[in-house]
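Derivation of every value follows stated rules applied to the coordinates shown; laboratory data play no part. These numbers come from a predicted model, not from an experiment. Neighbour counts are summed over all protein chains in view; Cβ atoms, including those assigned to glycine, are modelled from backbone coordinates with ideal geometry.
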Amino acid sequence: MGEPSARGRMTRDDAWTLLREYTTKPGLITHALAVEAALRAYAGKLGGDPDTWGLVGLLHDFDYERWPTPEDHPFRGVEILAARGYPAWFRRAILSHAGYSGVARESSLEQALFACDELCGFLVACALVAPDRSLESVRVESVRRKLKSKGFAASVSRDDIAHGAAALGVDLDEHIAFVLDALRPVGPELGLAPR
């Protein structure tokens, strides 16, 4: 279940091309880039390969725009990844991020993907309402307050955010701070940097 040296066949350029082939909505592209950055950071912390973990983050929702229903996503995407030669461990990680897929999250990569997915969406939403629309302005305390507001970013699962941090064995505030720190350097790429 590890990360074999199949990485030579998986390049970021190829993953980016695949993402853009299936995803045109700016919000979904921003989400993919955010999860990529968060997983690269967690790979460094958890002993994974930042490049391959980042690719999982970049592609975890690449099929969502075309096939957003639980009957199709992420199953259709995983079929496409298999046809393009992405390894089984890569596809399994993507399947595991959907609680309804029936694939249990077992590896550190799978746990990190689940833990970062909803949180990245929430942090981007927090930055978008900041006065300068920047991740630099987002603070853990304000994120925690907004998590309690059911009307703010209502589609984001608060339970998934809490369960994701717990599954990684980290305090929620620590998890929020870690992911914020991972996203800030890519803020300009996300359109969420100080102006």
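Can you tell me, using C-alpha contacts under 8 Å and at least 6 residues apart, the relative contact order of the chain as a whole percent?
21
Over all pairs of distinct alpha carbons, what does the Kirkwood formula give as the hydrodynamic radius of the stretch 91-144, in Å?
12.5
Decide, for the stretch 1-106, between rounded, prolate and oblate: order the square roots of the alpha carbon gyration tensor eigenvalues as a ≥ b ≥ c, take rounded if a/c falls under 1.5, and otherwise choose prolate if a/b is larger than b/c, else oblate.
Judged from the Cα gyration tensor, the stretch 1-106 comes out rounded (a/c under 1.5).
Can you pull out the GluC sites (Glu not before Pro) in the stretch 67-167 that DSSP calls coil and that have at most 15 other Cβ atoms within 10 Å?
Counting only loop positions with at most 15 other Cβ atoms within 10 Å, the GluC sites (Glu not before Pro) in the stretch 67-167 are Glu71, Glu106.
Using the Cα centre of the chain as origin and beta-carbon charges of +1 (Lys, Arg) and -1 (Asp, Glu), tell me which of Gly57, Leu39, Cys126 is placed farthest towards the positive end of the dipole.
Value: Cys126.
For Glu136 and Asp159 in the same chain, what is the full-extension length gain: residue separation times 0.36 nm, less their Cα-Cα distance, in nm?
Separation in residues times 0.36 nm, less the Cα-Cα distance, equals 5.7 nm.
At q = 0.10, 0.16 Å⁻¹, what is the base-10 log of I(q)/I(0) for the stretch 10-188 according to the Debye formula with one equal point scatterer per Cα and no solvent? Please give it to two decimals.
So the normalised log intensities work out to -0.35, -0.93.
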